[in-house]
Amino acid sequence: MPRASGEPAVVIVGNLLVGGTGKTPLLIALVKALTARGWRVGVIARGHGSHDHGARNAPRLVRRDGAISDFGDEPILIARETGRPVVVGRHRGAALRQLNALEALDVVLSDDGLQHVGLRRDLELAVFDSRGAGNGRCLPAGPLREPLSDALLLDAIVLSGAATPTPIAHSRVFHFQTHMTRFTTLDDRLSWEIGEFASQMRGQSLDALAGIGTPERFFGQLAELGIEARCWPLADHSPIDEAWLSALPGRWLIMTAKDAVRCVGFDDALRSRCVVLHIEAAPEAALIDWLEDRLRG
């Protein structure tokens with residue numbers, strides 16, 4: 001579908017693979033990088049985890065202090081991290097129209113949406129991690145949402161990790177790295193550098209939870225730091241029960257930034273026990289340069 005004059009370009013940052021590949025941290029990094037270079041950027045998303053039945057099928061602007069039930073966890077996280085407008089909706093085309101009506105933009109990034117055929121797009125990026133394409137089969141026999149060969153039709157493949165091999169030969173491949181930046185309590189009263197927190201937590205009673213696509217990746221990051229904790233893997237986007245969390249025996253409850261969004265309204269005493277690991281993606285400069293060239297093009 002061609003783009004009308006004056007409409008923003010649409011860039012889809014998506015997955016062919018089921019589960020977390022680092023797509024959301026990458027999207028946040030791309031929004032920040034393009035914004036820093038003077039582009040007016042917005043985001044559209046599906047809003048997984050929101051109760052989008054009835055009237056809430058209509059697209060809606062994400063409030064940074066909003067409820068997960070209204071907007072989903074990742075859209076709130078994106079809005080908080082980037083400071084840019086984010087609109088969620090089951091129908092991406094309607095979300096795009098709503099975003100266009102709110103603010104004049106140069107480019108809109110879609111958090112996933114490769115399989116949303118009703119959404120017009122100018123560029124398509126697929127994110128892969130070290131798992132590659134798994135067994136190379138589509139659901140339910142394998143982890144792929146669509147045949148791997150479809151990746152050849154996309155504009156670029158973006159790989160998480162400098163040493164991650166591409167799962168299919170493509171003419172345009174970029175990489176990005178993710179870095180742990182700091183730990184903070186959910187009430188923002190305490191903050192630690194990465195090494196400082198790891199040193200202070202030795203010998204303490206700790207619990208760690210992760211409701212993301214690949215919880216084992218988060219637990220592995222803690223283990224690499226020498227942090228020993230009881231690990232509680234949760235389903236991606238699953239709600240966190242406040243009573244269950246409060247009953248965990250650890251002095252500190254370590255979680256991802258995505259999980260932290262689901263705990264914002266919890267009791268103050270509980271929030272003071274919750275520690276959030278903040279992670280940032282760093283895409284190679286060549287990816288941003290290429291995006292700018294194509295957006296101008």
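The values are calculated or read from the model by the stated rules, or taken from the named source; none is laboratory data. Note that the coordinates shown come from a computational prediction; the quantities given were computed from them, not determined experimentally. Virtual Cβ from ideal backbone geometry, glycine too; neighbours counted across all protein chains shown.
Quick rundown of the values:
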{"item": "Matching residues, segment 121-131, being under 24 Å from A45 (Cα atoms) and out of contact with any Asp or Glu (no Cβ under 8 Å at 6 or more places or on another chain)", "result": "R121, D122, A126, V127, F128, D129"}
{"item": "Members of segment 1-22 that are at pLDDT below 85 and charged (D, E, K, R)", "result": "R3"}
{"item": "Residue within segment 258-265 that is among the β-branched types (V, I, T), part of a strand (DSSP E or B) and in the same structural domain as A198 (by TED's automatic domain parsing) present", "result": "no"}
{"item": "Residue within segment 188-196 that is part of a loop (DSSP other than H, G, I, E, B) and either assigned by TED's automatic domain parsing to the domain that holds V43 or of a type outside the set (D, E) (or both) present", "result": "yes"}
{"item": "Residue list for segment 124-181, filter: among the small types (G, A, S), out of contact with any strand residue (DSSP E or B) (no Cβ under 9 Å at 6 or more places or on another chain) and either closer than 22 Å to L291 by Cα or part of a loop (DSSP other than H, G, I, E, B) (or both)", "result": "A141, G142, A169"}
{"item": "Filtered residue count, segment 22-40, keeping only those that are polar (S, T, N, Q) and surrounded by fewer than 24 Cβ atoms within 10 Å (Cβ to Cβ)", "result": "1"}
{"item": "Among the candidates T185, T214, residue that is at pLDDT 95 or above and either more than 25 Å from I28 (Cβ to Cβ) or surrounded by 13 or more Cβ atoms within 10 Å (Cβ to Cβ) (or both)", "result": "T185"}
